[in-house]
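Student: What follows is a structure written as structure tokens; I'll ask about it next.
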Amino acid sequence: MNPSYELPRDEAGYSFGFLDEYAKREVRRAILKAICIPGYQTPYASREMPMGRGFGTGGLQLTLSLIGRGECLKVIDQGADDSVNAVNLRQFIELTCPGVDTTEHTGEATLIQSRHRIPEQPLNSAQVLVLQVPYPDPLVVVEASEAKRKIMHGEGDYSRLLTKLYEDIVRFAEITISHRYPTRINGHYVLDPSPIPRFDIAKLDHSPALILFGAGREKKIYAVPPHTRAEPLVFDDIPFRAEDFNDAQGQRRACQRCGASDSFLDEFSSANGTATFQCSDSDYCNQRVAAGNGVSCEVTS
């Protein structure tokens, strides 16, 4: 590159956001196409990142292409702000994006990058949620050829995927998919919603926030635009069922730390071997405790 055209770099020796501006523009163009065709897997030239593929490189490229100075970023991993994956990604973004604020509070963030969870606190129209995706195509379990999968997506042919779900019902009396549940977007494309639990599928439907999905290893970007219909793939006579966290008596379990009975719960084993439950979303749980909703029993993992 001619030195007179070199882009400014920060003190760490990187251009803002690590990626060069041409890479960011290419990612942004792919994002625009994905928004225009909800659920469509838009190919893009996934770049090499300073971490192994499978550790959030797709979501990270989306975040680095969208983030700007003055943004407020939240990074979470399976609901937690302090897990290894979340901390590493947050520190990398702080290093390469000077002038960007980070937060652990969902309501303060303008950009949220997440792995495996959608926050409990409802998102708003000023926020963008980026989800890390390992495998973007739900049809890969029934068709190995990507060329044939593209034809099936284009024709809206998901009969083989429905057959797979039906076989589940025949064998186990219910659909046993616990995460990555295939979801139809805007009445046509069926996407893999990333490994979020079935509990979070309803949050995709008519969300006021833009939701983006990045698969770095598979080089695909897709989106659920704001206020777009998102429906789990089901049969007319067998309703979709999310995790209910009911006990043997049919009562809904509550978080042992904050008392919430409306959140997704993680199960832990206490010192005496009994099962205890706590909110997966650490910020939601912490805010309830700070507001005086906590119970006397503090649970740690």
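Values quoted throughout were computed directly from the atomic coordinates according to the rules given, and no laboratory measurement underlies them. None of these values were measured; they are calculated from a predicted model. Backbone-built Cβ (ideal geometry, glycine too); neighbour counts: all protein chains shown.
Student: How many percent of Cα pairs in segment 45-88 exceed 15 Å? Write out the running numbers ahead of the final one.
Tutor: Values: 465 of 946 pairs.
Everything past 15 Å amounts to 49 percent.
Student: Ok, one more. If I model a spin label at residue 157 and residue 206 as a point 7 Å from the Cα along the Cα→Cβ vector, what separation in nanometres do I get?
Tutor: Each label point lies 7 Å from its Cα, and together they span 3.4 nm.
Student: Now for a different question. Give the percent of DSSP beta bridges with both residues in the chain that are antiparallel, rounded to the nearest 5. Mind showing how you got there, number by number?
Tutor: On the way: 23 of 39 bridges.
Close to 60 percent.
Student: Name all residues of segment 114-145 having a backbone nitrogen under 16 Å from the label point set 7 Å from the Cα of residue 94 along its Cα→Cβ direction, giving them as ranges.
Tutor: none
Student: Taking H placed 1.01 Å from N in the peptide plane, check which residues at least 5 places from residue 180 or on another chain put their amide H under 5 Å from its amide H.
Tutor: 196
Student: Ordered by packing density, taken as the mean number of other Cβ atoms within 10 Å over each peptide's residues, highest first, how do 213-226, 122-135 rank? Mind dumping the intermediate values first?
Tutor: Working: 213-226: 23.9, 122-135: 20.1.
Result, highest mean first: 213-226, 122-135.
Student: Shifting gears a bit: How many nm separate the modelled label positions at residue 28 and residue 244, each set 7 Å beyond the Cα in the direction of the Cβ?
Tutor: 4.8
Student: Mind scanning 74/220; 74/164; 74/150; 33/219; 150/203 and naming the pairs with a C-alpha gap bigger than 25 Å?
Tutor: Details: 74/220 23 Å; 74/164 37 Å; 74/150 34 Å; 33/219 14 Å; 150/203 27 Å.
Violating the 25 Å Cα-Cα cut-off are 74/164; 74/150; 150/203.
Student: Could you tell me the center-to-center distance, by alpha carbons, between segment 61-136 and segment 148-177 in angstrom?
Tutor: 32
Student: Normalised radius of gyration for the chain, please: alpha carbon Rg relative to 2.2 N^0.38 Å, two decimal places. Before the final figure, lay out the partial values.
Tutor: Working: Rg = 20.4 Å, N = 301, 2.2 N^0.38 = 19.2 Å.
The value comes to 1.06.
Student: Along the principal axes of its C-alpha atoms, what lengths does segment 244-301 span, in descending order and rounded to whole Å?
Tutor: If we take the Cα atoms of segment 244-301, the spans are 30, 25, 18 Å.
Student: Sum -39500 (n - 2.57) across every DSSP H segment of at least 4 residues in the chain, then divide by the residue count to get the 222 nm mean residue ellipticity, nearest 500. Mind dumping the intermediate values first?
Tutor: On the way: 7 runs with 76 residues, N = 301.
-7500 deg cm²/dmol, from helical runs alone.
Student: If you don't mind, there's one more thing I want to ask. With a Förster radius of 30 Å, plug the Cβ-Cβ distance of residue 20 and residue 101 into 1/(1 + (r/R0)^6) and report the FRET value to the nearest 0.05. The partial results should precede the final answer.
Tutor: Values: r = 24 Å, r/R0 = 0.79.
Rounded to the nearest 0.05, the efficiency is 0.80.
Student: Let me ask you something else. Averaged across orientations, what area in nm² does the convex hull of the alpha carbons in segment 152-293 project? Walk me through the intermediate numbers first.
Tutor: On the way: hull surface 47.7 nm².
For segment 152-293, the mean projected area of the Cα convex hull comes to 11.9 nm².
Student: Take the alpha carbon gyration tensor of segment 99-155, find the square roots of its eigenvalues, order them as a ≥ b ≥ c, and report rounded if a/c is under 1.5; if not, report prolate when a/b exceeds b/c, else oblate.
Tutor: Working: a/c = 3.19, a/b = 2.99, b/c = 1.07.
Verdict is prolate for segment 99-155.
Student: Let me ask something additional. Given a Förster distance of 45 angstrom, what is the FRET efficiency for residue 145 paired with residue 269, based on the Cβ-Cβ distance and rounded to 0.05? Display every interim value, and only then the final one.
Tutor: Working: r = 44 Å, r/R0 = 0.97.
With a Förster radius of 45 Å, E is 0.55.
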